[in-house]
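One structure is given here, and the rest of the page talks about it.
What follows draws every value from the coordinates through simple rules; no lab data is involved. Since the model is a prediction, treat every value here as computed from it, not as a measurement. Glycine gets a Cβ as well: all are built from the backbone with ideal geometry, and neighbour counts include every protein chain shown.
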Ligand SMILES: [Zn+2]
Ligand SMILES: [Zn+2]
């Protein structure tokens, strides 16, 4: 066993074995027929556009912790993996590749492009699966899904047809968000708004009859070419007289009326607004109320068309430039003001989004939102952290219809067929061969595809087999927890709740955990374009997957952002090393015939010693806290609890305490406790560090094929021993205090010191007396004397523990003069160092120009010099005492 445990822990060696081992034994496959309680997670399907980033690494780790811990706790766990076809995003990536070859999609054609994307998808998909496996994710690969699988596509059609028949899907010509680069509609959620310093142009519109003009203000002057009215608020007294008069639109010459509409804000600009029904959503509504003409002056590629007169064929921004120059020339431009406003950008390519009039398909959301609000109000779905609940309510209460058609080729083509003969439409789950109205065979399918979120909103049930009534669906729906990034709470989480309620009659999950954003050390979001992104695979190569996982959850409090740097992964790696080394020590002390499973240990009757009682008590408490913390999504608390238990209680204390007892009468019992606590700790740690724990567990005497199949550590309250914990705490404090004195006073490690104690009370005296041996061994102490206040030794290192006073006489232990001189020199050196830092910090140039991080480091240094100096001064005083 121990022979092949390498001296140095090598994660690459350890990690590569176990995933294959788990897969060969099919350990992650869920059994729909078992009698165990189900615990299900559907993975937020990564976009097939690319490789996984650190945000994924965090989320996959969280889900894996949930799945593995529940599996050990006896649940039938199912983690459904899969990827999303990611409509626009994916098509954009492939189109970019085409562009490098100087081609665009229209030259390639629909079918060829879609085939290209499929090939590309197969390649990327393999990479993503490999990454998930390297991270250790306990996914059930037999249930792997893709949003464009045959069955998932059937689900999409069934949902479309059903909503259409209920009147919840409709087609209409509306102003939608349009990306001129992607040449497709976008939903409201797909537009990212950025505060922009733009311009406000004040333009004169002359009256068509008689002298005079009015002034309108606009941020997008090129749209004036499509104006069909100017509007004022009916309550605006300034403009009462001109309502009903007509204006001559500059450049174009069209005669347009001045109308009154209560939607106009009298405070904006001059209180007179131009109305462009074809290019602005508010104007669109005004136009409908007043029966105005819709003049569309721009095409879908962002270029002006023939209705824009002289500007036909120009890009929208070029048109704006030239038009402004012309208006200026004609004396029609009153002024240009700076104007900060928010401008929408395409979330996939960052192009400025254009409000655009076109025929699109929409889902009527209000009727679906009602039940989804109710479900959360009733607590059937809970958000963690809780603050997201309000954000969810706000969005659903103000929900707008969802534009679901996209003018791209990659995705689920809309199941609607138009008849060339009678003009009717046929909406069908299966491809029809004739028109449902007139029977004509001249039908064409709608060319558009559905928004990618239309299929991902069905993910919790479409992956389990819906629309078929499968065993999986019965057994594993609703799922248990959804863990995801908060950015997609509207795109995805809310819509899943709505569609789950509509089509399954039940919420899709009970708990939603929204994890934080992964940022770099200075707080910037990690992204490829900023060049600060960290690749999970590189981290795994350098530190190991276990170290990456453990670090990420350790430093992330519930729902808060994660500030990552490479250095931080040392935390996980050091912990893995510590556990490896401690386990190696334990294993080396097991004789070849040691069989803890056969030992019937007289469990804690009679002669149990304090360290045993204490470590077993601590183990129960650690197990209870890890369980509680995982259940309340405090993964960092869970990780820190197991870390402290293993590192401090187990490695630093118990293993040290056991060293003297591995020979002699208590040997077998001590070995059993060592084995028992280590084996249990590995199970508690397994969800966080699956590879390392499996590896060590396999080397320990064990039963079964894998630690993944062992039960969780069920805390046994009868083993919780407060008295033992209190006594151990006292002994630990005394030992630490003596060790500190020894190191601060430079006592050579081999020299035995003496210890004088003024105990705070009888109990302290009893405990210290009873366990004097333990203190002697761990603090290298010879005699321990209890003294009264009058017996204080001179020239001692001192410490106070509770109200107990400790003295380590230094006379004869160290050369007092030499030590005094050393400490004096040390004090001088520290004073100098403080002066140097002060110089730096009083230099304005430095403070203003150096990065904040550097300044902070200097301030920190100063603080730590001062603290050390205080200690040195105190120790000097003791030597003179
Ligand atoms: Zn775009
Ligand atoms: Zn027809």
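If the segment from residue 632 to residue 380 were pulled out straight at 0.36 nm per residue, it would be longer than the present Cα-Cα gap by 89.1 nm. Considering every pair of different Cα atoms, what Kirkwood radius, in Å, is found for the chain? Mean inverse Cα-Cα distance, inverted, gives 33.2 Å. The stretch 517-593 gives an Rg/Rh value of 1.16, both radii derived from C-alpha positions and Rh following Kirkwood. Placing R0 at 45 angstrom, the Cβ-Cβ distance between residue 859 and residue 265 gives a FRET efficiency of 0.35 after rounding to 0.05. Between the Cα long axis of helix 366-377 and the first principal axis of the chain there is an angle of about 20°, rounded to the nearest 10. Each principal axis of the Cα cloud of the stretch 705-790 was evaluated for its coordinate range; sorted largest first, these ranges are 60, 32, 19 Å.
Please rank 820, 573, 387, fewest neighbouring Cβ atoms within 10 Å first, as an exposure proxy.
Numbers: 820 15, 573 19, 387 11.
Ranking 820, 573, 387 by Cβ neighbours within 10 Å, fewest first, gives 387, 820, 573.
Rounded to 0.05, the FRET efficiency of the residue 197 and residue 868 pair, given R0 = 60 Å and the Cβ-Cβ distance, is 0.75.
Placing a pseudo-label 7 Å from each Cα along the Cα-to-Cβ vector at residue 149 and residue 702 gives an inter-label distance of 3.1 nm. Distance from the Cα centroid of the stretch 858-881 to that of the stretch 70-122 is 62 Å (rounded to whole angstrom). How would the stretch 524-564 be classified by its alpha-carbon gyration tensor: rounded, prolate or oblate, with rounded meaning a/c under 1.5 and the a/b versus b/c comparison settling the rest? Oblate, since a/c reaches 1.5 and b/c is not below a/b.
The sum of -39500 (n - 2.57) across all DSSP H runs of n ≥ 4, divided by the residue count of the chain, sets its helix-only mean residue ellipticity at 222 nm to -13500 deg cm²/dmol. Extending 7 Å from Cα along the Cβ direction at residue 532 and again at residue 13 yields two label points whose distance is 3.8 nm. Remark: relative contact order (the stretch 610-685) = 37 percent; criterion is Cα-Cα distance under 8 angstrom and separation of 6 or more residues. A straight chain from residue 659 to residue 26 at 0.36 nm per residue would run longer than the Cα-Cα distance by 223.8 nm.
Remark: the residue 835-residue 123 segment gains 250.2 nm on full extension, using 0.36 nm per residue and subtracting the alpha carbon distance.
An ellipsoid equivalent to the stretch 271-382, defined through the eigenvalues of its Cα gyration tensor, has semi-axes of 37, 17, 16 Å when rounded to whole angstrom and sorted largest first. Taking the number of Cβ atoms within 10 Å of each Cβ as an exposure proxy, the fewest-first ranking of 163, 27 is 27, 163.
Overall size of the stretch 808-878 from C-alpha positions, given as principal axis extents largest first: 54, 18, 13 Å. Exposure proxy ranking for 76, 656, 306, based on other Cβ atoms within 10 angstrom of each Cβ and starting from the fewest, stands as 306, 656, 76. The label point for residue 289 and the one for residue 752, both projected 7 Å from the Cα toward the Cβ, are 9.7 nm apart. Shown here is the pair-distance distribution of the stretch 594-744: with all Cα-Cα distances grouped in 10 Å bins from zero up to the longest one, the shares run 10, 37, 36, 15, 2, 0 percent. Annotation: the stretch 92-204 has a Kirkwood hydrodynamic radius of 19.0 angstrom, from the mean reciprocal C-alpha pair distance. Projecting the alpha carbon convex hull of the stretch 244-335 along each direction and taking the average yields 6.6 nm².
With respect to the chain, whose longest principal axis is taken over its alpha-carbon atoms, helix 569-588 is tilted by about 40°. The residue 325 and residue 852 beta-carbon pair, evaluated with R₀ = 60 Å, returns a calculated FRET efficiency of approximately 0.85. Cα centroid separation, the stretch 292-330 to the stretch 379-411: 36 Å.
Projected over every direction and averaged, the convex hull enclosing the alpha-carbon atoms of the stretch 321-441 yields 15.1 nm². Size descriptors for the stretch 623-681, from the alpha-carbon set: Rg then Dmax equal 14.1, 46 Å. One way to sum up the overall shape of the stretch 319-368 is the equivalent ellipsoid from its Cα gyration tensor, whose semi-axes run 35, 15, 13 Å, largest first. Against the chain, whose longest principal axis comes from its Cα atoms, helix 281-290 is set at around 30 degrees. Divide the volume of the convex hull around the Cα atoms of the stretch 144-199 by the residue count and you get 166 Å³ per residue. For the stretch 1-142, the Kirkwood radius over C-alpha pairs fed into Stokes-Einstein at 20 °C and 1.002 mPa s yields D = 121 µm² per second. Pairwise inverse Cα distances across the stretch 545-647, averaged and inverted, put the Kirkwood hydrodynamic radius at 16.1 Å.
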